[in-house]
Amino acid sequence: MPGPTTALPITIRGLTKKFGSLHALDSVDLDVKSGEFLTLLGPSGSGKTTLLMAIAGFNRPDSGSILFGEKEMILAPPHLREVGMVFQNYALFPHMSVAENVAFPLKLRKIAKAECEQRVEEALNTVQLSELGNRRIDQLSGGQRQRVALARAFVFQPRILLMDEPLSALDKKLREQMQIELKHLHRKLGVTTVYVTHDQREALTMSDRIAVINHGRLQQVDTPEVIYNQPANSFVADFIGESTMLPLKTEENNQLYFDHILVDSVPDQKSSQDWMLVVRPERLFPLSQESIDSDQHLIFKGKVIESVYQGETAFAQVSISEDHQLTVRFGTDASARKFLLEPGDSMELGLNRKDIILIPR
Amino acid sequence: MLLHEKELRRQTFLEQWNLLSLSLPSILVIILIIIVPVGWLFYLSFTGKGGDFSLANYEKMITYKSYARVFMTTFQVSFLTTLVCILMGYPLAYFMAQLSDRMAAVCMLTVLLPFWTSLLVRTYAWLVLLQKKGILNDFAIEIGLWETPIKLVHNLTGTLIGMAHIMLPFLVLPLYGAMKRIEKDMTHAAANLGATPIQVFWKVFFPLSLPGLVAGSLIVFVLCLGFYVTPAVLGGGRVVMVATQITAILENQFNWGAASSLGVVLLASTLLILVLAARFLKLDQVLFGRH
Amino acid sequence: MNWWNRPATETQITHGKRIWLYTLATVIMLLLIVPTLIVIPMSFSDSQYLEFPPKNWSLRWYFEYFETLKWMNATKTSFLIGFLTMLVATPLGTMAAYALYVSGHPAAKAIFVLLITPMIVPVILIAIGTFYAFGRIGLNNTIGGLVLAHTALAAPLVMIIITAAFRTYDMNQERVARSLGASRLKAFMVITLPQIRFSVITSALLAFLTSFDEVIISIFISGGVNATLTKHMFSALRDFIDPTIAAISTIMVLISTTLLLATQFLGSKSTK
């Protein structure tokens with residue numbers, strides 16, 4: 001199996017693609033490091049698939065540069081790019097057996113029969129399908145098809161692997177299992193991987209880094225932790241995880257207030273006038289009788305609108321002012337159960353000042 | 001920074017033209033067989049004896065009564081054929097649309113078999129069936145429907161029978177397709193809301209099947225307009241439609257201008273009907289009976 | 001008996017109440033096929049006058065057909081032209097279908113309309129038009145001219161059938177093949193073509209039949225040693241009722257029935 005040495009970095013510069021007057025890609029710059037698992041995350045129509053197809057060569061941009069390593073690839077046809085690709089619907093060849101599907105790229109490269117067989121076997125082993133080489137495609141389950149598509153994409157040792165929402169057709173349980181397997185596989189193969197999804201949880205689970213994209217522009221490119229904890233803008237904050245955004249007022253002493261609650265001072269590196277506070281439901285916690293240190297916490301007081309029990313967690317919607325409400329998520333262990341209140345009851349919510357997320361409005 | 005704008009544009013251009021050029025052989029055949037000859041006829045129809053521009057051929061069409069009669073016959077035969085096809089095709093399509101897929105496929109064979117059989121063979125079959133000493137006359141006399149053999153062929157009756165038989169599949173196929181697309185939930189819902197079966201049919205099912213009926217009828221009508229073989233054989237010279245007249249002019253007078261002008265009018269009426277009906281028609285679906 | 005009182009549709013009309021519809025539909029279906037099929041027994045009569053049922057059975061009219069040089073030559077010509085039309089129209093129509101389906105060029109739609117004009121223009125017009133044009137370039141009464149004209153009729157049919165096949169086919173397969181290292185041509189030949197082969201065969205059979213059964217254009221532009229079977233049949237029909245036609249018709253019905261059943265069989269296979 002290929003080691004990390006075969007991986008190549010991808011350097012994308014100024015990639016632009018217009019459909020009519022609409023920018024599918026708007027001057028995108030992106031560096032994918034060698035051997036990295038990078039996810040393109042965005043809603044449908046955001047340009048993520050267009051970007052992936054441009055890397056694969058199926059979509060010719062209007063302008064830009066795509067380097068694999070040092071080599072300019074933007075003008076190369078798809079079949080000369082040496083890129084493994086997994087499609088959303090797998091696109092397995094139904095008139096070929098599992099083994100024939102996996103052998104397809106090797107045969108195109110005129111690899112000797114013995115070596116070909118050996119590599120097909122290895123690849124099928126890697127995806128745990130060694131027994132099924134002779135099966136027809138229509139005899140496979142969805143998860144098995146997914147694995148065949150994967151084996152076919154990496155058997156010829158491409159330096160880059162591209163995946164277009166490969167798990168979206170699977171049911172939730174299998175999808176979660178495959179996410180872990182894909183992560184393992186990536187570690188084993190060490191190949192540079194670009195993965196497209198609209199599922200933020202999937203992106204957080206699998207990626208070394210996530211590139212959030214919307215309206216053909218990259219919004220933020222960073223590790224899952226940074227993306228979640230320090231979203232660059234309201235789109236990222238809203239798209240990834242649950243969040244409530246509270247508008248803040250800037251007072252003359254450069255302090256930010258929400259409804260007479262002092263939130264923070266204006267971050268000095270940026271010049272924006274208007275700021276918003278991003279509150280994640282699970283970072284909030286309901287307060288009991290005993291008071292907490294208000295130097296280290298923000299405290300919101302309000303009335304319960306609705307509280308919902310969901311098994312492993314529960315949440316409550318709390319109205320904290322005329323126009324604003326917060327959602328708080330908490331555990332359902334014995335000590336927390338008392339926070340499942342009736343609508344109309346008073347509730348106090350705390351937020352650790354370290355968990356404050358500010359974004360420009 | 002190199003952004004390869006020019007090369008990318010050139011590549012896109014080349015790829016699209018390379019792809020499109022695959023259709024070039026077909027385009028050339030169509031130009032050679034359809035566009036140039038029909039264009040030539042168009043030109044001939046506007047050319048006088050001396051080779052100059054002239055509307056004489058079209059003026060004749062208005063002044064000579066015989067032309068008017070040909071057009072009358074053509075529209076009459078086309079209209080009646082379409083009517084017969086609707087009366088027979090609608091119940092048949094309705095019947096088949098309610099069968100299980102398997103049974104429907106078997107019944108569909110009875111529609112497809114004539115569709116695939118040479119129209120010459122079918123015309124011949126009717127000629128044999130309908131002649132004075134033919135099976136139909138023998139049978140009718142035997143069961144006492146009429147006493148002496150009736151002339152059923154070489155006249156309008158025979159032409160209509162033969163043409164309706166040949167055209168029926170063109171009506172049934174799109175109509176059946178349209179009926180199959182009507183969702184069962186619609187009729188369920190109507191029945192659930194208290195409509196009687198007859199109301200359900202006339203207020204829900206029939207209007208929903210109408211696009212298919214219109215498409216099928218139009219295709220039948222348009223095909224009838226230019227029909228040649230069946231009227232020529234079963235009409236026995238007594239049913240002169242436009243296509244028959246065109247060949248007669250060529251055979252007897254060798255007058256290309258007159259024949260062409262008739263052809264141009266035929267084409268123009270066909271196109272006019274198709275354009276007016278374009279919103280009902282999905283040409284590729286209707287013209288070839290795949291459903 | 002039970003069936004009689006059972007509801008036939010969701011609107012609770014019983015089968016008994018709609019027996020009229022079943023009768024009517026059956027009569028219409030019989031009307032559709034019986035006239036075609038009745039030629040078959042009649043062709044085995046030994047009488048000059050076509051009777052049904054034949055009083056004496058014989059193969060007389062088949063001998064007449066097989067022993068007449070005119071009929072044999074015409075049959076050979078029709079088969080040859082049908083076969084050549086199939087060979088030319090199938091790749092042409094398939095290429096056009098691929099070009100127009102994949103290219104996404106704004107001109108594709110216009111070209112599509114241009115290519116289906118043979119289905120819109122009345123055939124009589126095509127017949128006299130080609131007759132006139134071929135007269136100028138010496139293509140009348142030639143095999144080549146007939147094949148060209150029949151290709152113009154058959155290629156659009158092929159194109160429409162293949163386009164329909166592409167609509168149910170996942171073009172991502174071709175893309176994936178290309179990403180795995182196949183050129184576009186290779187991807188089409190190795191991945192796409194094997195999977196649409198039933199549609200290709202169906203369209204090829206239909207192309208053959210389109211040419212083999214074609215009457216009007218043949219009447220005008222075929223003749224002499226290259227006259228087609230349909231041309232001779234047509235003139236025989238106009239003049240008098242020659243019972244040999246019954247024998248020929250039987251053979252033609254047999255051919256088209258075989259081809260139809262073949263496509264139905266292929267169709268049921270390809271939708272699996």
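Where a number appears in this text, it was derived from the coordinates with a stated rule and is not lab data. Quick caveat, the model's predicted, so the values are computed rather than measured. Neighbour counts run over all protein chains shown; Cβ positions are idealised from the backbone, glycine included.
Using Cα pairs under 8 angstrom and six or more residues apart, how large is the relative contact order of chain B, in percent?
That works out to 25 percent.
I'd like the mean, over residues of A:111-124, of how many other protein chain beta carbons sit within 10 Å of each residue's own Cβ.
Partner Cβ neighbours, averaged per residue: 0.
Which is farthest toward the positive dipole end of the range C:2-60 among C:TRP3, C:MET42, C:PRO54, measuring Cα position about the Cα centre, with Cβ charges +1 (Lys, Arg) and -1 (Asp, Glu)?
Of C:TRP3, C:MET42, C:PRO54, it is C:TRP3.
For chain B, what is the mean residue ellipticity at 222 nm derived from helices alone (per DSSP H run of n ≥ 4: -39500 (n - 2.57); sum divided by total residues; nearest 500 deg cm²/dmol)?
When only DSSP H runs of four or more count, the value is -23000 deg cm²/dmol.
What residues of the range A:26-68 lie in the reach of a label at A:SER168, counting those whose backbone N is under 12 Å from a point 7 Å from the Cα along Cα→Cβ?
The answer is A:41-50, whose backbone nitrogens lie closer than 12 Å to the label point.
Would you mind giving the mean number of other chain beta-carbons within 10 Å of the Cβ of each residue in C:112-121, as a whole number?
Taking all residues of C:112-121 together, the mean is 6.
Pairs of lysine in the range B:55-287 with Cα under 19 Å and at least 8 positions apart or on different chains: total?
5
About its Cα centre, how strong a charge dipole does chain B have in debye, to the nearest 20, once Lys and Arg get +1 and Asp and Glu get -1 at the Cβ?
Computed about the Cα centre, the dipole is about 180 debye.
Compute the semi-axes of the equivalent ellipsoid of chain C, taking the square root of 5 times each eigenvalue of the Cα gyration tensor, and list them largest first in whole Å.
Details: eigenvalues 277, 217, 61 Å².
After scaling each eigenvalue by five and taking roots: 37, 33, 17 Å.
Relative to the Cα centre, what is the charge dipole magnitude of the range A:236-361, using +1 at the beta carbon of each Lys and Arg, -1 at the beta carbon of each Asp and Glu, and rounding to the nearest 20 debye? Provide the component values of the computation, followed by the final result.
Working: 12 positive and 21 negative charges, 39 e Å.
That gives a dipole near 180 debye.
Where the eigenvalues come from the Cα gyration tensor of the protein assembly as shown, what are the semi-axes √(5λ) of the equivalent ellipsoid, largest first, in whole Å?
Sorted largest first and rounded, they come to 69, 34, 28 Å.
Considering only C-alpha atoms, what is the centroid distance from the range B:134-172 to the range A:148-189, in Å?
Taking the Cα centre of the range A:148-189 as reference, the centre of the range B:134-172 is 69 Å away.
Could you work out how far apart the two model spin labels at C:SER58 and B:LYS184 are, taking each label as a point 7 Å from the Cα in the direction of the beta carbon, and quote it in nm?
Result for the modelled spin labels: 5.8 nm.
In whole Å, what are the Cα extents of chain A along the three principal axes, biggest one first?
Computed over chain A, the largest-to-smallest principal extents equal 75, 47, 37 Å.
State the answer as a single residue: which of B:ILE62, A:ILE305, A:LEU182 lies farthest towards the positive end of the charge dipole of the protein assembly as shown, with beta carbon charges of +1 for Lys and Arg and -1 for Asp and Glu, about the Cα centre.
Working it through, the farthest residue towards the positive pole turns out to be B:ILE62.
With a cap of 14 neighbouring Cβ atoms within 10 Å, and only residues DSSP puts in a loop, list the GluC sites (Glu not before Pro) found in the range A:1-102.
A:GLU70
Need one number: the % of Cα-Cα pairs in chain B sitting beyond the 23 Å mark.
Beyond 23 Å sits 68 percent of the P(r) for chain B.
Do any chymotrypsin sites (Phe, Trp or Tyr not before Pro) in the range B:1-67 lie in a DSSP loop with no more than 14 other beta carbon atoms within 10 Å, and if so, which?
The qualifying sites are B:TYR64.
In percent, how large is the relative contact order of the range C:2-60, given Cα pairs closer than 8 Å and 6 or more residues apart?
Relative contact order here is 18 percent.
I'd like the distance separating the alpha-carbon centroids of the range A:306-361 and the range C:80-127, in whole Å.
67 Å
Treat every Asp and Glu Cβ in the range A:4-238 as -1 and every Lys and Arg Cβ as +1, leave all other atoms uncharged, and give the resulting dipole magnitude about the Cα centre to the nearest 20 debye.
Details: 28 positive and 26 negative charges, 104 e Å.
So the dipole magnitude of the range A:4-238 works out to roughly 500 debye.
Please report the spacing between the Cα centers of the range A:89-134 and the range A:37-73 in Å, no decimals.
27 Å
Tell me which of C:PRO91, C:LEU114, C:PRO156 sits at the most positive position along the dipole axis of the range C:69-239, charges placed on C-beta atoms (Lys, Arg +1; Asp, Glu -1).
Result: C:PRO91, furthest along the dipole toward the positive end.
Considering Cα pairs under 8 angstrom that are at least six residues apart, work out the relative contact order of the range B:85-168 and quote it in whole percent.
Answer for the range B:85-168 is 30 percent.
Among B:143-155, A:219-231, how do they line up by average Cβ neighbours within 10 Å per residue, starting with the highest?
A:219-231, B:143-155
How many Cβ atoms of partner chains, on average, are near each residue of B:105-116 if near means within 10 Å of its Cβ?
6
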